[in-house]
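S.K.: This is the structure I want to talk about, given as structure tokens.
The values are calculated or read from the model by the stated rules, or taken from the named source; none is laboratory data. Quick caveat: nothing in here was measured; it's all calculated off a predicted structure. All Cβ positions, even for glycine, are placed from backbone atoms using ideal geometry, and neighbour counts span all protein chains on display. For accessibility, only protein heavy atoms count, side chains too; no ligands or nucleic acids. Shrake-Rupley method; radii C 1.70, N 1.55, O 1.52, S 1.80 Å.
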Amino acid sequence: MLGTCMKPVLSIINWALSWVSGIISSAIQLLYSIINYILSRPDDYIPFLWPIINFLNHVPIINIIVHLIFWRPIFDLLFVPGLVSVLIALIFIIWFERKLTAKVQWRIGPLEVSRPIGGFLQPFADLFRYMFQEFVVPLQADKNYFIHGPAIVFILSTLPIFFIPIGPKQFTLPNGTTIEGIYGIYTGYDVLIAIALITLFNIGIILIGWASNDRFTYIGTVREALLYTGYEAILILSVVAILLIYGTADPFKIVNWQVTHLPGIIANPLAFLAFLIATLMATSRFPFEIPEADTEIVLGPYTEYSGIVYGLVMTMSYEKLYVLSLLMVLLFLDGWAGPYIPYFGALSPAIWFGIKTYIVMMIMVFTRSVYGRYRPDQALKMSWSSLLGLVIAALVLSLIIDLLIIKPL
């Protein structure tokens, strides 16, 4: 009788064991397939790194890690144009802005840390200091939004980078070899997606200011919202104006059009000027450093932040500056076009793209040294009068060029 009762239980146990063993076997097979797939995929073509890569490929376990790192999707999203490139750009532009402003205004600027190289390690020292400072949450703040808001905004400001390629899909080396370029995610509508993601950034800033529940952050948040209404339409319409000439939102076709015809800055200088001014407003560069006016409202939406989170929110405007500079180079300055640099392979177009991007950022931060700050009403008045007229003229010019002079590919 007992044996008869145990038979269903034993059959259930056997079925469960076979089901678990099947899952484990499938997981092992999947992992094995993933490893083989990674090892069989072509790496990014970077000749000067080949000796190191070839040496590490003969080391067990390490060869899998090396192939994973240099596997094209991981390399593109993690290094170029990914997070490492963002970090390098932030460190450089913060240091450059402080040194340039100090030179123009006859001040010293960063010097004590790494004096022989002009204080270049000062941003690293600041980051180290922020990491060990206490992060204080004000009693009146909404704790959840106050803590998670900066991380959300940082992610939103990083996402557009993955949709802005810094190299062609494919290009031919001087020896006739055809290789793939460096790009993150390709959809065919990458410019529109990048612009849509950029517009979400300010919503996060408003969330940060609201969560702090402080009078100074409230004033800074209101100013951010007002400035947002002033530049957002200008930024989007300037992009629409130049896309009318190209006839596409595909970044690869956009750069190809500029190489075979004219750079966007020459084809429609009005759209370029509108985009440039809107970028200064969107990133709170002088003369539009209105939300974070330190002499008036301490630091605007970021007043209550401290420690490593303050270091994070401080770099957000610079990160947005980097993203918009990438977009400006892509739309108006021939993108990655430039002569091939030997020994750099797939990185050659990325280097030209990076050089142009850094030049654009350096020009923009120069405005901090020579301009005063506009009042909020002055900035809004200029946006909805002069800048709106400028971008409408850019749209009309693009229609004329598209219909009468130059046809897209």
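S.K.: Can you name the condition, by its number, that Ile265 falls short on among (1) within 23 Å of Ser212 (Cα to Cα); (2) at pLDDT 80 or above; (3) open to solvent by 30 Å² or more (accessible area, probe 1.4 Å)?
M.R.: (1)
S.K.: Among the residues of segment 356-371, is there at least one that is more than 25 Å from the chain's Cα centre (by Cα), polar (S, T, N, Q) and modelled with pLDDT under 90?
M.R.: no
S.K.: Continuing with this model, one more query. Of all helices (runs of 4 or more DSSP H) completely enclosed by segment 45-149, which ones contain at least 1 residues that are at pLDDT below 75 and surrounded by 16 or more Cβ atoms within 10 Å (Cβ to Cβ)?
M.R.: 50-56, 62-70, 72-78
S.K.: For Thr248, all conditions in the list (1) open to solvent by 10 Å² or more (accessible area, probe 1.4 Å); (2) more than 22 Å from the chain's Cα centre (by Cα); (3) hydroxyl-bearing (Ser, Thr, Tyr) hold save one; what is the number of the exception?
M.R.: (2)
S.K.: Further question: Go over the candidates Tyr305, Tyr343 one by one and state the one that is under 27 Å from Ile155 (Cα atoms), open to solvent by 10 Å² or more (accessible area, probe 1.4 Å), outside any helix (DSSP H, G or I) and out of contact with any His (no Cβ under 9 Å at 6 or more places or on another chain).
M.R.: Exactly one of Tyr305, Tyr343 is under 27 Å from Ile155 (Cα atoms), open to solvent by 10 Å² or more (accessible area, probe 1.4 Å), outside any helix (DSSP H, G or I) and out of contact with any His (no Cβ under 9 Å at 6 or more places or on another chain), namely Tyr305.
S.K.: Let me ask something else. Please verify whether Leu399 is loosely packed, with under 14 Cβ neighbours inside 10 Å and either within 19 Å of Ile242 (Cβ to Cβ) or polar (S, T, N, Q) (or both), treating the condition exactly as stated.
M.R.: Yes, satisfied.
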